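We did not get these values from a lab; they are worked out from the coordinates using the rules stated. Since the model is a prediction, treat every value here as computed from it, not as a measurement. Ideal geometry is used to build each Cβ from the backbone, glycine not excepted, and the neighbour counts take in all protein chains shown.
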Ligand code: ADP
């Protein structure tokens, strides 16, 4: 349009307001009767200007809001504060509801006399629907996950019970056969029977460890404050037999208190300490537990003088069934460190190893909250 042919600015403004489609823009007289109506209002609310001009604006409110006196209250607030805005339900002409963002502005003349109100309404139903559908998706997904976690735990519990039973039978009858038919069996046959018993014992251990792994829940939860000196003591007392048999010496720095699941943390210490004893070198195990607070984390370590972890295995060993030493001297299922990792991760921390082959290893784990 040529600037010279532009209509007067008031006319231009009126044209703009009339033609805006996304917003209902209209005027109310001081008592709340509709005084003007634009194209957006017609599109959003469904009334033509002929139908609505002169009607009270409370026709846009659901009955419960009218009963509560909401339309009059909104006018009052707008008069007192200059403007009133909210998100809420409004009615279309056909009675259906839509979610509206509403701004109501009181209009005064120079003498502060109320001349009426300007009202701008935006239909937010799409936004609300998208939000509701996202919330529903998140809710459904969380429920699915909780359900599959529960199922997995139930499966692990049942599988472990049902699988332990036949394994017990195998080892029991192999033992019985060995003791009854001892004189009739040659050395090789006796060895076959021993293989059968060892296999059953190993499978039982594997099932027990897998069950522990399934139970070491990976979901973050609220933790209570726990004393790590006490937790370490508990782990050490559970390993008393291995400590005596190997002459292991376990020392520790004073440990802090921190937010954690005490039972799970005792399991972490127990796994790390029993590995430090199991993967010992020629010398009796010397193990030191230490602690340092650094920045946002507190870091614990379990250091040993054992055989060490080869460089290529230092990341892998934290995975399920991953083992760096397969010699018969070191029996195991490769699940202990995976359990530790799951527990530490559920506490928001990290787990890693530093090692020098032949000299020893230090397993570190961190907890995110401050310790004291
Ligand atoms: P497992 O001891 O049953 O094999 P883990 O998951 O506890 O299972 O350990 C995985 C592997 O990490 C072990 O097989 C071993 O090779 C290595 N490892 C763990 N702790 C130590 C340690 N203190 N010293 C040397 N190697 C270790």
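Could you work out how far helix 9-19 tilts from the main Cα principal axis of the chain, as a 0 to 90 degree angle to the nearest 10?
With both axes taken from Cα atoms, the answer is about 50 degrees.
Quickly work out the residue 253-to-residue 134 label distance, labels modelled 7 Å from Cα along the C-beta direction, and quote it in nm with one decimal.
Here the modelled spin labels are 4.4 nm apart.
Using per-residue counts of other Cβ atoms within 10 Å, averaged over each peptide, order 147-157, 121-131, 250-260, 183-193 from highest down.
250-260, 121-131, 147-157, 183-193
Of all the Cα-Cα pairs you can form in the stretch 50-165, what percent are over 22 Å apart?
Counting every Cα pair in the stretch 50-165, those more than 22 Å apart make up 57 percent.
Sorted by average packing, counted as other Cβ atoms within 10 angstrom per residue and highest first, what order do 31-43, 98-110 take?
With the highest mean Cβ count within 10 Å placed first, the list reads 31-43, 98-110.
Could you give the nm distance between label points at residue 151 and residue 22, where each point is 7 Å from its Cα heading toward the beta carbon?
Placing both labels 7 Å beyond Cα along the Cβ direction yields 4.5 nm.
What does a probe at residue 189 reach in the stretch 159-173, counting residues whose amide N is under 19 Å from the point 7 Å along Cα→Cβ?
171-173
For Cα pairs less than 8 Å apart in space and 6+ apart in sequence, what is the mean separation divided by the residue count of the stretch 281-372, i.e. the relative contact order in percent?
36
Suppose the chain between residue 162 and residue 86 were pulled fully straight at 0.36 nm per residue; how much longer would it get relative to their current alpha carbon spacing?
In short, 21.3 nm is gained.
Looking at the stretch 192-315, what % of its DSSP beta bridges pair antiparallel, to the nearest 5?
Around 75 percent of the beta bridges assigned by DSSP in the stretch 192-315 are antiparallel ones.
Need the C-alpha centroid separation for the stretch 86-112 versus the stretch 167-220, integer Å.
When both Cα centres are located, 77 Å separates them.
Using helices alone, what [θ] at 222 nm do you get for the chain, with -39,500 (n - 2.57) per DSSP H run of 4 or more residues, divided over all residues and rounded to the nearest 500?
-15000 deg cm²/dmol
Given points 7 Å out from each Cα along the Cα-Cβ axis, report the residue 213 to residue 79 separation in nanometres with one decimal.
7.4
Report the full-extension gain for the segment residue 182 to residue 31: residue separation times 0.36 nm, less the Cα-Cα distance, to one decimal in nm.
43.6 nm
Could you calculate the contour length gain from residue 55 to residue 201, that is, 0.36 nm times the residue separation minus the distance between their Cα atoms, to one decimal place in nm?
Stretched fully, the residue 55-residue 201 segment lengthens by 43.9 nm.
Roughly how tilted is helix 262-278, in degrees to the nearest 10 and between 0 and 90, from the longest Cα axis of the chain?
40
Quote the FRET efficiency, to the nearest 0.05, computed for residue 13 versus residue 67 with a Förster distance R0 of 41 Å and r equal to the Cβ-Cβ distance.
0.65
Just rank 309, 263, fewest to most, by other beta-carbon atoms within 10 angstrom.
Exposure proxy ranking, most exposed first: 263, 309.
Order of 223-230, 273-280, 49-56, 137-144 by packing, highest average Cβ count within 10 Å first?
273-280, 223-230, 49-56, 137-144
With an 8 Å cut-off on Cα pairs and a minimum separation of 6 or more residues, tell me the relative contact order of the chain in percent.
10
May I ask you to derive the FRET efficiency for residue 356 and residue 230 from their Cβ-Cβ distance with R0 = 41 Å, giving the value to the nearest 0.05?
For residue 356 and residue 230, the calculated efficiency is 0.85.
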